[in-house]
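Derivation of every value follows stated rules applied to the coordinates shown; laboratory data play no part. Remember, predicted model here, so these are calculated numbers, not experimental data. In this analysis, Cβ positions are derived from the backbone assuming ideal geometry, glycine residues included, and neighbour counts consider all displayed protein chains.
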Amino acid sequence: MENNDVLKGGEFLVRDANARETFIPEEFDEEQRMIAQTCEDFLQTEIHPNLDRIDKQEPGLMKSLVQKAGELGLLGVSIPEEYEGFGQSFLTSMKANEAIGSAYSYSVAFMAHTGIGTLPILYYGSEDQKQKYIPKLVTGELTAAYCLTEPGAGSDANAGKTRAVLSDDGKYYILNGQKMWITNGGFADVFTVFAKIENDRVLSAFIVDKKLEGITINPEEQKMGIKGSSTTQIFFNDVKVPVENLLGKRGEGFRIALNILHIGRIKLGGTVIGASKKAIDHSVNYANERKQFGQQISNFGAIKQKLSEQVIRTFATESALYRATKDIDDTIQKYLDDGMTYGEANVRGPAQFAIECALLKVYGSESLDYIVDEAVQIYGGMGFSSEAPVDRAYRDSRINRIFEGTNEINRLLMVDTALKRAMKGEIDLFAKAKEVVQALQKSKDQNIGLKSYYEEKYIYIRNFKDAVLMILGDASEKFKRKFISEQEIWMNIADMMIDLYAAESTLLRVEKIDMMNEEKEEDPDKVSIYKDILDILVYDIAARIHKSGSDAINSFTLGQERQLLLDSLQRFTKVAPINLRDKRRKIADMLIENNRYQF
């Protein structure tokens with residue numbers, strides 16, 4: 001696949017990717033690793049020693065820590081240099097996000113400030129707005145929050161009732177309404193507020209300074225987790241917002257919110273990797289220290305199974321995340337080369353990969369939930385004590401399945417976006433699906449007698465794609481316009497898409513590691529551990545795709561059609577048997593020996 005023929009967003013469903021054209025974490029350069037190390041050093045010095053103080057919401061502490069990050073330049077990694085930033089790529093900023101992801105509540109405040117707090121102004125603001133706010137947001141002189149959610153408008157953001165009315169003299173918008181669950185709400189200086197102007201049916205966006213009269217901030221919400229993160233309700237009562245603080249165009253607010261959420265979703269996929277690696281480190285540290293029945297519990301197979309699965313899910317999430325991130329980065333650069341403005345290119349890049357952004361948010365957040373749950377289990381009784389570090393990890397993880405749109409909304413968005421792009425001819429989905437369905441009677445087992453390790457794995461991946469296309473195409477044809485109401489089937493298909501992308505991304509990464517290893521003429525045995533990870537992942541994902549696919553097929557077919565689809569699904573998800581026990585033990589043993597995540 002040539003550079004000018006790189007897969008567009010969602011095309012992983014219908015086309016094969018190429019390992020040589022896929023970015024993997026092993027390719028980060030020295031400068032990118034140094035930026036990530038600076039983030040980690042900052043956390044080690046300023047954040048991890050103060051986690052209890054942060055969770056107690058000591059007055060002024062969180063804001064001061066955000067400002068300290070600004071003094072180090074960490075709030076402006078990807079901000080252009082003309083606004084006091086470092087001007088780094090989307091890929092580099094994602095590596096920094098991963099590092100910050102292990103900071104629990106602090107990472108929430110940091111990400112809200114640098115992401116949804118700053119980016120709407122950077123990407124949609126006028127030059128005057130950017131000059132006024134962005135440099136101060138980069139240095140930490142100002143802190144930011146994003147005000148979208150209302151009591152009656154959560155997932156349905158456009159249902160918000162906050163209103164803005166133009167004053168008689170035309171100088172101000174008079175803002176009235178209520179916002180809730182506002183991250184950084186208790187200390188932010190600048191709010192991006194979404195409201196409907198006059199009787200508009202769609203949202204507009206405004207930059208609102210906290211110092212304006214008529215703003216009331218409620219006390220901090222008491223939450224299950226991320227206790228150190230400031231979360232408040234904010235009331236706007238006849239707040240006079242200068243007309244020059246309208247962000248973007250009138251009626252563009254919903255589009256702004258939607259596009260910023262694409263970015264937030266994939267960045268959440270980055271932060272959970274940092275949190276996952278931290279939880280794995282705690283897990284293996286404790287397993288190597290805790291003794292029962294006269295030996296370390298890390299010697300027991302049941303513990304090794306948990307440790308290995310923690311590693312596999314993290315490795316797969318990381319593989320998928322950086323594959324998509326580099327694709328977005330390349331797309332942004334292409335748009336810039338084509339003459340697009342900086343803001344438009346940086347908005348349209350992630351939007352092009354809306355399916356992957358939603359997918360990574362779901363896969364990453366659910367992987368982290370599994371990892372922290374097993375971390376508590378490895379700690380046993382101590383894991384349920386607030387004295388152990390995994391208590392905080394467990395509680396703080398849960399919000400990620402709700403942040404940036406619930407995982408249910410994101411699953412539906414994945415399928416909806418794929419169908420809409422197919423109808424527009426942007427993805428050759430229906431034609432490919434038709435080919436698969438027409439070939440069902442002629443299909444034969446392709447998984448026998450293969451000579452190459454990677455050839456076999458690519459056959460599996462293509463079969464997984466055929467399974468998704470078969471069900472998506474058949475269900476879409478059967479339900480037609482009523483398909484939008486079949487959310488259960490959509491959720492099944494979304495799960496198949498998620499597992500497919502994770503498996504393919506991990507295969508691409510392992511093959512490229514192998515290529516790089518050969519080029520350096522290093523010991524081929526170094527790659528064997530990664531092949532073990534891939535083998536287990538593909539084996540497990542085959543079973544999950546079979547389950548999701550069967551659930552969908554049984555929900556909308558009967559008789560001979562049902563049996564044909566089920567038989568075909570069985571064929572598409574057939575993989576060779578592997579020795580799970582031995583492979584898991586090898587992965588766990590490497591983790592146990594290193595006593596930290598180093599994959």
Diffusion coefficient in µm²/s returned for segment 172-258 by Stokes-Einstein, Kirkwood Rh over C-alpha pairs, 37 °C and 0.692 mPa s, is 242 µm²/s
Of all trypsin sites (Lys or Arg not before Pro) in segment 130-171, the ones in DSSP coil with at most 14 other Cβ atoms within 10 Å are LYS161, LYS171
In this structure, the FRET efficiency calculated for VAL243 and SER485 from their beta-carbon separation, with R0 = 41 Å, to the nearest 0.05, is 0.45
For segment 1-81, what's the radius of gyration and Dmax over Cα atoms, in angstrom? 19.5, 55
Straight distance only, please: which lysines reach the Cα of LYS586 with their own Cα at less than 20 Å, same-chain residues fewer than 8 apart left out? LYS277, LYS304, LYS306, LYS526, LYS531
Candidates per GluC sites (Glu not before Pro) in segment 491-599, loop by DSSP, up to 12 other Cβ within 10 Å: GLU521, GLU522
Give me the lysines in straight-line cross-link reach of LYS56: C-alpha distance below 20 Å, same-chain residues under 8 apart excluded. LYS68, LYS223, LYS227
Regarding segment 378-481, what's the average projected area of the Cα-atom convex hull, expressed in nm²? 11.7 nm²
Reachable aspartates and glutamates, given that their alpha-carbon falls under 14 Å from the alpha-carbon of LYS482 and they are not under 8 places away in the same chain: ASP416, ASP474
Which length gain, in nm to one decimal place, applies between ALA576 and ASN288 when the Cα-Cα distance is subtracted from 0.36 nm times their residue separation? 100.3 nm
Cβ-placed point charges (K, R +1; D, E -1), dipole of segment 286-376 about Cα centre in debye, nearest 20: 480 debye
Going by the alpha-carbon gyration tensor, a ≥ b ≥ c the square roots of its eigenvalues, is segment 428-594 rounded (a/c under 1.5) or, if a/c is not under 1.5, prolate (a/b greater than b/c) versus oblate? prolate
If amide H atoms are built 1.01 Å from N in the plane of the peptide, which residues on other chains or at least 5 residues away come under 5 Å of the amide H of SER204? ALA195, LYS196, ILE197, GLY251, GLY253
Tell me which chymotrypsin sites (Phe, Trp or Tyr not before Pro) from segment 280-373 have a DSSP coil assignment and no more than 16 other beta carbons within 10 Å of their own. PHE293, PHE300
Quote the charge dipole size of segment 253-409 about the Cα centre in Debye, to the nearest 20; the model charges only the Cβ of Lys and Arg (+1) and of Asp and Glu (-1). 280 debye
Give me the one-decimal Kirkwood hydrodynamic radius in Å for segment 261-323, with the sum taken over alpha-carbon pairs. 13.0 Å
Students often check this: by mean Cβ neighbours within 10 Å, which of 14-20, 420-426 ranks highest, and how do the rest follow? 14-20, 420-426
Give, rounded to the nearest 20 debye, the magnitude of the charge dipole that the chain has about its Cα centre when Lys and Arg contribute +1 at Cβ and Asp and Glu contribute -1 at Cβ. 1700 debye
In nm, the gap between the two label points placed 7 Å beyond Cα toward Cβ at ILE402 and ASP567 is 4.8 nm
What number in nm² do you get for segment 253-409 if you take the convex hull of its Cα atoms and divide its surface by four? 10.4 nm²
Between THR139 and ARG250, how high is the FRET efficiency from 1/(1 + (r/R0)^6) when r is the Cβ-Cβ distance and R₀ = 25 Å? Nearest 0.05. 0.20
Once every DSSP H run of n ≥ 4 in the chain is given -39500 (n - 2.57) and the sum is divided by its residues, what mean residue ellipticity at 222 nm do you get, rounded to the nearest 500 deg cm²/dmol? -18500 deg cm²/dmol
Between the residues GLY381, GLN570, PHE300, the Cα farthest towards the positive end of the dipole of the chain, that dipole coming from +1 and -1 charges on the beta-carbon of Lys, Arg, Asp and Glu, is from GLN570
Evaluate the distance, in nm, between pseudo-label points positioned 7 Å from the Cα of LYS424 and of VAL165 along their respective Cα→Cβ axes. 3.8 nm
Which Cα, out of ALA144, GLY117, HIS546, lies furthest along the positive dipole direction of the chain (beta carbon charges, K/R +1, D/E -1)? HIS546
Assuming 1.567 mPa s and 4 °C, estimate D for the chain with Stokes-Einstein, Rh taken as the Kirkwood radius over Cα pairs, in µm²/s. 51 µm²/s
Could you tell me the number of lysine pairs in segment 348-454 with C-alpha atoms less than 26 Å from each other, where the two lysines are 8 or more residues apart or belong to different chains? 11
Between SER452 and ASP128, what FRET efficiency follows from the Cβ-Cβ distance if R0 is 56 Å, with the result rounded to 0.05? 0.40
